[in-house]
Structure formats: C-alpha cells, structure tokens
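Only the coordinates and a few stated rules stand behind these numbers; no lab work does. Predicted model only: the values in this text are computed from it and were never measured. Ideal geometry is used to build each Cβ from the backbone, glycine not excepted, and the neighbour counts take in all protein chains shown.
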Amino acid sequence: MSTVSAAKPTSTGWVRFVAWAVVCLGAAGLVALVSSPLVGVAAGLAVAVLGAAVNALTRASRTMDRIFTEELD
C-alpha cells in the first residue's frame, strides 16, 4: 500500500448515501406533486436504482484502479 492510497478517506460512503436519499425523495415528491403518488414512488425507486448502479460502478472502477496500480508497482 502506498502513502497516497493510505491518505484517501474511506468514510464518505454514508455521505453519498444520504445525498442520494435526498435526491430520491425530492424526485419522488416532485413527480408525486405533478402526477399521482404511485408514479412518484416509481420515479423515486428508479432514481434509487440509478444511484445504486452509479455507486457500484464507481466503487468497481476504484477497485480496478487499485488492483492495476498494485500489479504494476
């Protein structure tokens, strides 16, 4: 492990989770206000799934970068 990877904070997972929760609730509330509550719930779930997918892909990308860095050192 290098000093660069040791200095990176790893406790930002809950911050991203809270941010995505606020986005999901806001999107669901906005859609529910304009249309029906059922459509608002569906929109909130869609944004939540999109956020989870982006989070998983970002984490996978960081993991692959770390693996490649360790292998090339």
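Only Cα pairs under 8 Å and 6+ residues apart enter the sum, and on that basis the relative contact order of the range 11-72 stands at 25 percent. Local charge for residue 56 was computed over the other residues whose Cβ lies under 13 Å away, with Lys and Arg +1 and Asp and Glu -1, and equals +3.
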